[in-house]
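The values are calculated or read from the model by the stated rules, or taken from the named source; none is laboratory data. Here the structure is a predicted model, which is why all the values come from computation and not from measurement. Neighbour counts are summed over all protein chains in view; Cβ atoms, including those assigned to glycine, are modelled from backbone coordinates with ideal geometry. Keep in mind that these areas ignore ligands, DNA and RNA; they rest on the heavy atoms of the full protein, side chains included. Shrake-Rupley method; radii C 1.70, N 1.55, O 1.52, S 1.80 Å.
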Amino acid sequence: MTEDSHDAARHDHVPSRQRKRFPGISSRTYEHPADRSALVALRRLTGFDTVFKALSSLLPERSLRLLFLSDSVRVGEAQFTHLNGLLREACSILDLEKVPVMYVTQDPRPNAMCIGLDEPLIVVTTGLVELLDEDEMRAVVGHEVGHALSGHSVYRTILLFLTTLAVKVAWIPLGNVAIMAIVTALREWFRKSELSADRAGLLVGQDLTASMRGLMKVAGGNHLHEMNVDAFLEQAAEYEAGGDLRDSVLKILNVLPRTHPFTTVRAAELKRWAESRDFQRIMDGHYPRREEDKDTSVTDSFRESAAHYADTVRGGKDPLMKLVGDLAGGAGDLGGKLRDRFMGGGTGGGGTADGADGTPGGSGRDQD
């Protein structure tokens, strides 16, 4: 590599606004607990990268790169210079040494992705570029750089390939079933990785309002004068808490085919993290460094992930999650709880039922 090309691959300038930089930041800093535990486990497997890349050699990555090179616009000093500045700024803030190649592709649907097996490649659509202002786009570019720093691009490429393959083999009996099982598992991981990347976008933009605006625009278009952040977040609260067990099942079915969490859910999740003590500590300069990644405990990471989900279940308002929490919490009268949830009450097999007037009979009743 020549000296000029080496300089071009690095981010040697200071961001235009005095945003905080995070030298040596580890992706563990912003990764969602479920995302982080999976990634830490994979990184600790001896020889995993070598085996995975050998298997991945069958994927048409070179074809994808040639496709974008031939039929999209490469971001740089001469093309989409404002995006080039945002990209280099994001890499500077997250201390990503090599700036990924970035393309703008013609597509009216607002979208962005980070793919690539050997090196990450970022693609944004014209629909997204035209929809967002500079601060909102900064958060999006930071989001994609977060994917690159976390190594998400490899698994995103696998998911993209398998999704296409599933369509091609749909006519083969049982062939599509096996592939879709893998695709479903990858999508579940990828939805968690999106929450991680949203956090990276906030660390780059350092403007929660801009991040919220961007998510609102993705959901409702370029009509900010018709939208309100507080009302948008109220939708998330209503979605998470509303309905009965039937709605809980429908929520699961609705999200299964998606690679991204629902937009209101992403906004609420990001706001919670932005208001947390963990986020403030990061902004104060207290965060894990990459040099410490090799010493990361897989057990501790899984324990943290399990604790996060336990807290989510206990504090959640979704009817299905509340039922799971009740059952997992060691409910003494399992049959009674299921009866009350699904049938609204009834007579237990070993005690006296409550009276019709609500007066407790026997020794009392369970408290939800």
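Principal axis extents of the C-alpha atoms in the stretch 69-139 (largest first, rounded to whole Å): 32, 28, 22. Peptides 63-70, 194-201 ordered by packing proxy, namely the average of other Cβ atoms within 10 Å per residue, highest first: 194-201, 63-70. Counting only protein chain heavy atoms and rolling a 1.4 Å probe, the accessible areas of K192, K271 rank, largest first, as K271, K192.
Accessible area per residue (1.4 Å probe, heavy atoms of protein chains only) ranks V204, V99 as V99, V204, with the largest value leading. Coupling constants for the stretch 77-90 follow from the phi torsions by the Karplus curve (6.51 cos²θ - 1.76 cosθ + 1.60, θ = phi - 60°), and in residue order they are 5, 10, 9, 6, 4, 5, 5, 4, x, 5, 5, 5, 5, 4 Hz; glycine and proline get x. In this simple spin-label model, placing a label point 7 Å from the Cα along the Cα-to-Cβ direction at both E77 and R272 gives a separation of 4.6 nm. If the chain linking L233 and D107 were pulled fully straight, counting 0.36 nm for each residue of separation and taking away their Cα-Cα distance, it would gain 42.5 nm. The amide H of D95, built 1.01 Å from its N in the peptide plane, has F22 as neighbours under 5 Å, considering only residues 5 or more places off or on other chains.
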